[in-house]
Amino acid sequence: MTEPRARHVPVLFEVALDLLRIRPDGTYADCTLGLAGHAEGIVRRLGPAGRLIGFDRDPEAMALAQERLERVRAEMESQAPQLTLIGEAFSSIARHVEPQSLDGLLADFGVSSLQFDEARRGFSFQADGPLNMRMDMRMDRSTGPTAEQVVNEMDERELANLIYEYGEERRSRTVARAIVRGRPVTSTGQLARIVASAVPPMKHMHPATRTFQALRIYVNRELEEIKALLEAAPKLLKPSGRLVVISFHSLEDRIAKDSIREGAQQGIWNVLTRKPVTATKEEIARNPRSRSAKLRAVERAAISY
């Protein structure tokens, strides 16, 4: 089997690193290490006085990221920067990073290739597997309810509300009713088929895509995590420090856009991207997952807290 890191292609790589404006002696945080695609680029642009702080709550992703970054640092020898890796959700960043200590902060809110491509993680319905093992969907599998518990135990009305709110699925009540009638749901493939039977065929995506998105967001509290990070970011960045965020669906991007707009109105942010940056046709051809990516970047204004 191909190693996950061999399949991993960081989205909007060059533009993200350029907007971070990496200085060799700066301190930067990658809040979503994943398989360390962006992080490797940051490390290679830093010098011995620089530092990268990385966060990921997925132990498997963290282990692979650490292996990759330590290999890069070994190649750089005496020019390697400092590296601090923290196996926690990025919402905990304020507990680990001093106020006004960062020159830049990057957050790529997409699910990593490791999570999507490994059937046993249950993030995707492309590879079938039993729910109790392969539709866990938790990035940190040591805490919180699993997708299996949600799908098989949640009240129909609550399930419909979840699918509507986090999946923006207009037929959420029909989908929830079909899921409840199809219980027990024992595999990702079975769940995808149940949803497909309740939702008309779609031109550009599988009918179950929104339902799977909703379950993943709910299980991992993703939107709450993003809100916590965006609230903490201006306090952690130095004046003129930069924040770069990459989102992959409208719920994430709406939170980022609204937070940035509010911060700009308050004089906290200077906006660097008036419109979100999207992938070129060439990048989409190389990496289809970049199609929905939107990047926004701001610079911390010189104000005091």
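Here, each number is a calculation from the coordinates, and none is a lab measurement. Values in this document were obtained by computation on a predicted structure and should not be read as measured data. Here the Cβ positions follow ideal geometry from the backbone for every residue, glycine too, while neighbour counts run over all protein chains shown.
The table below gives the values:
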{"read-out": "Nearest-ten-degree value, helix 222-236 long axis tilted from longest Cα axis of the chain", "value": "10 degrees"}
{"read-out": "Least to most buried among 205, 76 (fewest other Cβ within 10 Å first)", "value": "205, 76"}
{"read-out": "Virtual spin-label span in nm between residue 183 and residue 202, 7 Å along Cα→Cβ", "value": "2.5 nm"}
{"read-out": "Listed residues 201, 99, 145, most fluctuating in the chain (Gaussian network, C-alpha, under 10 Å)", "value": "201"}
{"read-out": "Prolate/oblate/rounded label for region 2-102 (Cα gyration tensor, a/c 1.5)", "value": "rounded"}
{"read-out": "Label of the coordinate-derived value, P(r) over Cα pairs in 10 Å bins from 0, in percent, listed as (1) 6, 23, 25, 19, 12, 9, 5, 1, 0; (2) 6, 27, 33, 23, 10, 2, 0; (3) 5, 22, 25, 19, 13, 6, 4, 3, 2, 1, 1, 0", "value": "(2)"}
{"read-out": "Fewest-first ranking of 25, 58, using other Cβ atoms within 10 Å as the exposure measure", "value": "25, 58"}
{"read-out": "For a label point 7 Å along the Cα-to-beta-carbon line of residue 254, residues of region 155-175 with backbone N under 20 Å", "value": "158-175"}
{"read-out": "Euclidean distance between Cα centres, region 233-287 to region 189-225, Å", "value": "26 Å"}
{"read-out": "Sum of -39500 (n - 2.57) over DSSP H runs of 4+, divided by residues of the chain (222 nm, nearest 500)", "value": "-13000 deg cm²/dmol"}
{"read-out": "The chain: angle of helix 156-167 to the longest principal axis, Cα-based, in degrees nearest 10", "value": "40 degrees"}
{"read-out": "Those trypsin sites (Lys or Arg not before Pro) in region 167-231 that DSSP places in a loop and that have at most 16 other beta carbons within 10 Å", "value": "170, 203, 221"}
{"read-out": "Cβ-based exposure ranking for 33, 83, 20, in which fewest neighbours within 10 Å come first", "value": "83, 20, 33"}
{"read-out": "In degrees, nearest ten, helix 59-76 long axis to first principal axis of the chain (Cα)", "value": "30 degrees"}
{"read-out": "Rough spin-label spacing in nm, given labels placed 7 Å along Cα→Cβ, for residue 96 and residue 149", "value": "2.4 nm"}
